[in-house]
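Have a look at the structure below, then the notes.
Any read-out appearing in this document is the output of simple, stated calculations on the displayed coordinates, not a laboratory observation. Everything quoted here is computed from the prediction, not taken from an experiment.
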Amino acid sequence: MTAGELAAEFDVSKPTMSAHFTVLKDANLVDATKDGKSVIYRIKLSVLEDALLGFAAAFGLGSTSDSEKEETGQ
């Protein structure tokens, strides 16, 4: 989505959205490409997936490995 399309979905100012976009880019969670006067943002799903899996593992959530399933007979 473009920055304008994303900003239209939230009840915050454009400068605030710009600051959030900068944080997301700096965290390597999104790609930003310039297209004329617009900036197109794309989420980096592999980075998000890694973060979510790490979060789940930290709380003991997520799937068990195949070897663990064999050991428990699952």
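So how much slack lies between residue 46 and residue 13, counting 0.36 nm per residue of separation and subtracting their Cα-Cα distance, in nm?
9.0 nm
Based on the Cα coordinates of region 3-72, what is the per residue volume of their convex hull in Å³?
Value for region 3-72: 127 Å³ per residue.
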